[in-house]
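Trainee: Quick one: the structure is below, and I'll ask about it shortly.
The values are calculated or read from the model by the stated rules, or taken from the named source; none is laboratory data. Because the structure is a prediction, the values reported are computed rather than measured. Glycine also receives a Cβ, built like all others from the backbone with ideal geometry; neighbour counts cover every protein chain displayed. These accessible areas exclude ligands, DNA and RNA; they are computed on the full protein's heavy atoms, side chains included. Shrake-Rupley method; radii C 1.70, N 1.55, O 1.52, S 1.80 Å.
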Amino acid sequence: MRYESPKTTKEAVTLLSKEKGKTFVLAGGTDLLVKLRMDMIEPDLMIDIKRIPAMNEINKTATGFKIGAAVSGRQLGASKALAKAWPGVVEATNLIGSDQIQGRCTMVGNLCNASPAADSVPAMIAAGAKAVVVGKAKRRAVAVENIVTGPGQTSLAKGEIIEAITLPKRPAKSGDAYLRFIPRTEMDIAVVGVAVSLTCKRGVIDSARVSLGAVAPTPLLVKEAAAAIIGTKLDKEALENLAAACSAACNPIDDKRGTVEYRVRVAGVLAKRAANIAFERAGGKK
Amino acid sequence: MKHDQKYTGQEFKVVGARVERPDGVDKVTGRARYGADANAPGQLVGLVLRSSHAHARIVKIDTSKAEKVAGVKAVLTSADLPDLTNGDAGNYATLVNCMARDRVLYDGHAVAAVAATDKSSAKKALKLIKVTYEKLPHVTDVDEALKKGAPLVQPTNKQDGKPSNKSGHFEFGHGDIEAGLLEADIVLERSYKTEQTHQGYIEPHACLATVGPDGSGELWVTTQGHFSFRIMCAALLGMDVAKLKVTSSEIGGGFGGKTHVWIEPVALALARKSNRPVKMVMSREEVFKASGPTCATSMDVKIGAKKDGTITAAFIECRYSDGPFPGIWGMLGGMTAWACYDLKNCKAVGVDVLVNRPKVAAYRAPSAPMMAFGVESTIDQLAKELDIDPVEFRLRNVAKEGTRSSYGPIYGPIGIEPTLEAVRDHPHMRAKLRKNQGRGMASGFWFNIGGQTCSDLNVGVDGTVNLTVGTVDVGGARASLSLIAAEELGISYDQVKTNIGDTSSLGHNDTTEGSRGTFSSGMATIFAAREAIEVMKSRAAQMWGIPEDAVEWKDGEARAVGAEHGNLPALSLKEIAAEAGATGGPIAGHHEVTADGSGVSFASHICDVEVDPETGKTTVLRYTVVQDAGKAIHPDYVEGQFQGAAAQGIGWALNEEYVYGEDGCLQNAGFLDYRVPVCSDLPFIDTKILEIPNPNHPYGIRGVGECSIVPPLAAIGNAVSNAVGVRLNHVPMSPPRILKALDDAGA
Ligand SMILES: Cc1cc2nc3c(=O)[nH]c(=O)nc-3n(C[C@H](O)[C@H](O)[C@H](O)COP(=O)(O)OP(=O)(O)OC[C@H]3O[C@@H](n4cnc5c(N)ncnc54)[C@H](O)[C@@H]3O)c2cc1C
């Protein structure tokens, strides 16, 4: 196995496209190195992106925020501007693992590992985040919900790398939230995850996005769930409709982490709780 | 020399102090050497090929390709090991468990092993071993295994003359259950299940083995009992006990799981075959799949009581899943079931059942927590039905000194009643509860054991003392034993260093299990120290030139007594030690004993929980342990044992379980999905140590390490049931199970 740590995205992309064997991008390594140790992968080339300066930055841009692919959960949590604009995204990313994991893990790694239960992904989807995908020939912006195509599978082509995640600018009276269910308090994998992002106008929900994790082969963007709360003040009926839409969207499996029945039900429970938090953050009053 | 082991009620000078443990700094700085920390020149890496079938016949094992891999020095299958088929059944089972013979009996069962110069060559070779299997039907559930027509785990196992998966039936108790039930005003019948759990020790099994051409071997290993490991390995491999030296490493937790051999005989056999040292370290997945977890159980309970709260009859039958080989788990459970109570009519039946799961090993008070879950949950419901406070209900039926225990013996002074009184009077019992919160309490019992022990105490030329014991220190025993030696000799704790000797330096010592370490090695230490004191008195007499009977030992020095010599200045231990060479040579004390009279222990716990009714998630808010320690030699480590046992019980009660798929394979062989509590899942666990001296130990010591894992399943079960208003009868009470119980009850 070869290990390279290029200084620019361009160099990284060139190295990746030249290699004939199996290649892996190494961000925090909290998924990749675990898999390597368990003999689940046998890379020929590993490209470490942590030495690429541009990938370690969080920038406020004209259109919102740009977060470099190598930014750790800890760095993300330290950004006051981000925590103010997108508290749900930051919370979701900061839920990953423990203090030790936070020092290394990244949102992009979480996304590209393509686990249905990844915590930051539903929050990014609800936020309308985009991935900046760079290939040898071109660079494209892809909606986060279009990156994961199945468990462990992404839509990235060979030689492509994600350089950054962008988050849109936040209108006033907006709020987002992410909640996950785990049987313990930490160091666990989401049995269900729900993210809600919404914006209010004159006290009524004007736009919303709802995303679910761990209840289907990929994280889901649930339009029906958003529709259930748009135009409401999140009254009891709206919340019940939201819960029902979330439960209906679930397509989970029975496994060691939870039963189908349980996941479907708790998706609805968490959706209501997350929506209440997002609404409150948006200054909404019932 | 025979010594009087009766409790004397002496006052202590150093025993009871919260001194720093001697192994602490080494453990936090990384200097301590655990099972995987030993290396030898030319050592090989040993790896095991394991079955991924729950049950299959081994048709053929082809190792030819693996043998040709560069770096491979030995490939081992059962053909390389002695055939113990017609020998001792226990040894046969142990060896066949270490390496399958004709069939694999569970997912993870070893079928072959490789020793190579490096890990990647060994891995490569494992992949090239070709095993041809013929799959057989399997059964992993204890109730399924007892059904008619269930696949037979051991076709030769018979019950009442017929092939069966039932491998043992044990009954304990006295009186007449039927008659007792007729006297009752109320009878409750309940059924419960508990799932299989693992001890979850942090350190995986690891060892380094060498065997010389002369047939003598050495084994460095993480174990709770190196002397027992020596006997087992020698018996399995046909070696001489005296020619196998076993050294116990520091141990990163055992809780019963390191009382039994798994990879160690394989490492020795690989070393013997390759003529090179072989190191083996299990992965976490291997630990879960192929070491010894505890049993899953299923049970039925029936208790009758009078309106005034007197229990008139108490019956329990509990079925234990032993894995593929017969065990004594039903027997142990049966003995403990009703031990807290003074009952006219009681009966406990323990049944052992064979299933296609790993061979079960001891887990802290093995078999008792499950029976206690059934007993204490039912008692709680009975108290509620009779509108009697649950503590008061237990007190009305509690066992006392003179009570005939449910498993036979008449009790001496015991601590169950005091623990219940302490619970009743504890402020925790009166703390306010909010919505969705509930409180529960439960009691538990454990025997504790004594057994074979021997210790050496050597006084150094500078007056410092080496104590060598043969019981592995799993929980701070070196600190406690140093305190005991210092107490006897009248010197300071710092002057004593306690070591764990290897198997060639002491006589046989039984394994550190059954909470015996401080009880039995403490006893041997007291008497070894007293022997050394006699030597020192005689040396002082020589130094003074006076008769020996004019010398007394007090506060770490020899004093001449009587009108004639009383004015001589005292001789300190240090001064006597400095002259040892001139007064007869080294000063030492020694003692060997089969320590009888281990005192039984009792614990009662209180627990508060909050349950989220929408997700079924339980949070433990507050937890209090009350247990009788006999005498707390080192209170910190006694409290640590109480807290650790309670923490393991809480994990078992709420989330830990082996999850098997339809294919009979274990689905959660890792700490991610086998959910032990993490630090933030637990409140600080409060403890209260009671000291009801054990009459059969000079210091009154009872075992303390196990008893507090017995009450938590029931204490939490009672608390959760009180919080949600629905009875939980299946452990672990995981969130899906709690929601389902709420649904089923229409709540
Ligand atoms: C103890 C522990 C606890 C954990 N707890 C959680 C948890 O609570 N919630 C959770 O969601 N996850 C958890 N995880 C999983 C993991 O930490 C997260 O998925 C993390 O976000 C991965 O980020 P990383 O930077 O370490 O990824 P890496 O391991 O470096 O990479 C992950 C994958 O993404 C690819 N990749 C990385 N960067 C790029 C890029 N720029 N372009 C293209 N592909 C890329 C890699 O090739 C690899 O396939 C845990 C892991 C551990 C070990």
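Trainee: Quick one: compute the contact order of chain B, relative version, from alpha carbon pairs under 8 angstrom and 6+ residues apart, as a percent. Mind showing how you got there, number by number?
Mentor: On the way: 1967 pairs, mean separation 117.8, N = 747.
16 percent.
Trainee: Sum -39500 (n - 2.57) across every DSSP H segment of at least 4 residues in chain B, then divide by the residue count to get the 222 nm mean residue ellipticity, nearest 500. Can you show the working numbers first?
Mentor: Details: 20 runs with 204 residues, N = 747.
Only helices count here, giving -8000 deg cm²/dmol.
Trainee: Within the set of other residues whose C-beta is less than 13 Å from the C-beta of B:V626, count the net charge using Lys and Arg as +1 and Asp and Glu as -1. Mind dumping the intermediate values first?
Mentor: Numbers: positive: B:R394, B:R424, B:K688; negative: B:E417, B:E421, B:D425, B:D628, B:E639, B:D686, B:E691.
Combined, the nearby Lys, Arg, Asp and Glu give -4.
Trainee: Mind pulling the per residue volume of the convex hull built on the Cα atoms of segment B:617-747? Å³ is fine.
Mentor: Considering the Cα atoms of segment B:617-747, their hull volume per residue is 136 Å³.
Trainee: Then there's this: Give the distance, in whole Å, between the Cα centre of segment B:54-83 and the Cα centre of segment B:1-50.
Mentor: The two parts, judged by their Cα centres, are 37 Å apart.
Trainee: With both bridge residues required to lie in the protein assembly as shown, what share of the DSSP beta bridges run antiparallel, to the nearest 5%? The partial results should precede the final answer.
Mentor: Values: 139 of 176 bridges.
Around 80 percent antiparallel, to the nearest 5.
Trainee: Going 7 Å from the Cα of B:A431 along its beta-carbon direction, which residues of segment B:614-653 have the amide nitrogen within less than 15 Å of the resulting point?
Mentor: Counting backbone N atoms under 15 Å from the label point, the list is B:619-626.
Trainee: Something else now. In Å, what Rg and Dmax follow from the Cα atoms of chain B?
Mentor: Cα-based Rg and Dmax for chain B come out at 27.4, 90 Å.
Trainee: At 1.4 Å probe size, put A:L111, A:L15 in order of accessible surface, largest to smallest.
Mentor: Highest to lowest solvent-accessible surface, that is A:L15, A:L111.
Trainee: Between B:T156 and B:E392, what is the label-point separation in nm under the 7 Å Cα-to-beta-carbon projection?
Mentor: Going by the 7 Å Cα→Cβ label model, 5.9 nm.
Trainee: Need one number: convex hull volume per residue for segment A:174-281, Cα atoms only, in Å³. Each step should come with its number before you reach the end.
Mentor: Values: hull volume 9.5 nm³, N = 108.
Given the Cα convex hull of segment A:174-281, per-residue volume reads 88 Å³.
Trainee: Averaging the inverse of every distinct alpha carbon separation and then flipping it gives the Kirkwood radius. What is it for segment B:1-85, in angstrom units?
Mentor: Working: mean 1/r = 0.0492 Å⁻¹.
Computed over Cα pairs of segment B:1-85, the Kirkwood hydrodynamic radius comes out at 20.3 Å.
Trainee: How big is the Kirkwood radius of segment B:279-344, worked out from every pair of different alpha carbons and given in Å to one decimal?
Mentor: Values: mean 1/r = 0.0668 Å⁻¹.
It works out to 15.0 Å.
Trainee: If you don't mind, another one. Over the whole of B:673-683, what's the average partner chain Cβ count within 10 Å per residue? Rounded to a whole number, please. Intermediate values should be presented prior to the final figure.
Mentor: Values: counts 5, 1, 7, 2, 3, 6, 4, 5, 6, 1, 0.
Average neighbour count from other chains, rounded to a whole number: 4.
Trainee: Pairs of alpha-carbon atoms within less than 8 angstrom and 6+ residues apart define the contacts here; what relative contact order does segment B:451-595 have, in percent? Let's see the in-between values first.
Mentor: Details: 292 pairs, mean separation 51.4, N = 145.
Relative contact order, segment B:451-595: 35 percent.
Trainee: Once the Cβ-Cβ distance between A:T8 and A:T63 is put in as r, and R0 is 22 Å, what FRET efficiency do you end up with, to the nearest 0.05? Intermediate results must be reported in sequence, preceding the final value.
Mentor: Values: r = 23 Å, r/R0 = 1.06.
Taking R0 as 22 Å, the efficiency between A:T8 and A:T63 is 0.40.
Trainee: Also, I was wondering about something else. Could you tell me which of the pairs A:K201/A:K236; B:K60/B:K166; B:K193/B:K617; B:K307/B:K688; B:K127/B:K273 are separated by over 22 angstrom between their Cα atoms in the structure shown?
Mentor: Numbers: A:K201/A:K236 19 Å; B:K60/B:K166 30 Å; B:K193/B:K617 19 Å; B:K307/B:K688 32 Å; B:K127/B:K273 20 Å.
The pairs that break the limit, which is 22 Å between Cα atoms, are B:K60/B:K166; B:K307/B:K688.
Trainee: Please give me the summed charge of the neighbours of B:V609: other residues whose Cβ is under 13 Å from its Cβ, Lys and Arg +1, Asp and Glu -1.
Mentor: On the way: positive: B:R434, B:K435, B:R439, B:K617, B:R622; negative: B:D608, B:E610, B:D612, B:D681.
Summing Lys/Arg as +1 and Asp/Glu as -1 gives +1.
Trainee: Treating the protein assembly as shown as a set of equal point scatterers at the Cα positions, no solvent, please give the Debye-formula log₁₀ I(q)/I(0) at q = 0.09, 0.10 Å⁻¹.
Mentor: -1.13, -1.30
Trainee: What net charge is computed for the residues neighbouring B:G350, neighbours being all others with C-beta under 15 Å from the C-beta of B:G350, Lys and Arg scored +1, Asp and Glu -1?
Mentor: On the way: positive: B:K166, B:R319, B:K347; negative: B:E171, B:D300, B:E317, B:D322, B:D352.
With Lys, Arg at +1 and Asp, Glu at -1, the net is -2.
Trainee: Rank these by accessible area, largest first, 1.4 Å probe: B:M299, B:M543. Working shown, then result.
Mentor: Values: B:M299 0, B:M543 70 Å².
Descending accessible area places them as B:M543, B:M299.
Trainee: In peptide A:270-277, how many Cβ atoms from other protein chains are near each Cβ within 10 Å, on average?
Mentor: Details: counts 2, 0, 1, 2, 0, 0, 0, 0.
Rounded to a whole number, the mean comes out at 1.
Trainee: Right, next: Any number yet on Rg/Rh for segment B:451-595, C-alpha, Kirkwood?
Mentor: Values: Rg = 15.8 Å, Rh = 15.5 Å.
In segment B:451-595, Rg relative to Rh is 1.02.
Trainee: Give me the accessible area of A:S155, 1.4 Å probe, in Å² rounded to the nearest 10.
Mentor: 50
Trainee: Out of the DSSP beta bridges found with both residues in segment B:463-592, what percent are antiparallel (nearest 5)?
Mentor: Within segment B:463-592, antiparallel bridges account for around 55 percent of the total.
Trainee: Of all the C-alpha pairs in segment A:2-168, what % are more than 25 Å from each other? Working shown, then result.
Mentor: Values: 3379 of 13861 pairs.
Pairs farther apart than 25 Å: 24 percent.
Trainee: Let me ask something else. Can you give me the long-range amide H partners of B:V398? Hydrogens built in the peptide plane at 1.01 Å from N, cutoff under 5 Å, separation of 5 or more residues or another chain.
Mentor: Amide H neighbours of B:V398: B:D342.
Trainee: Which order do you get for B:R276, A:R180, B:R702 if you rank them by accessible area with a 1.4 Å probe, largest at the top? Walk me through the numbers before you get to the answer.
Mentor: Working: B:R276 75, A:R180 35, B:R702 10 Å².
Order by accessible area, largest first: B:R276, A:R180, B:R702.
Trainee: Loop by DSSP (not H, G, I, E, B), at most 14 other beta-carbon atoms within 10 Å: where is the longest site-free stretch of chain B for GluC sites (Glu not before Pro)?
Mentor: Numbers: sites that count: B:E11, B:E20, B:E401, B:E564, B:E662.
Longest run free of exposed loop sites: B:21-400.
Trainee: Count, for each residue of B:658-671, the Cβ atoms from other chains sitting within 10 Å of its Cβ, then give me the mean as a whole number. Provide the component values of the computation, followed by the final result.
Mentor: Numbers: counts 1, 3, 1, 2, 0, 0, 0, 0, 1, 3, 3, 1, 1, 1.
For peptide B:658-671, the averaged partner shielding equals 1.
Trainee: In whole angstrom, note down how far apart the Cα centers of segment A:33-96 and segment A:134-202 are.
Mentor: 12
Trainee: Antiparallel as a % of all DSSP beta bridges within chain B, to the nearest 5? List each step's numbers first, then the result.
Mentor: Working: 97 of 127 bridges.
Of the beta bridges lying entirely in chain B, close to 75 percent run antiparallel.
Trainee: Then there's this: If one computes the Cα centroid of segment B:119-133 and of segment B:275-295, what distance in Å separates the two points?
Mentor: Segment B:119-133 and segment B:275-295 have Cα centres spaced 17 Å from each other.
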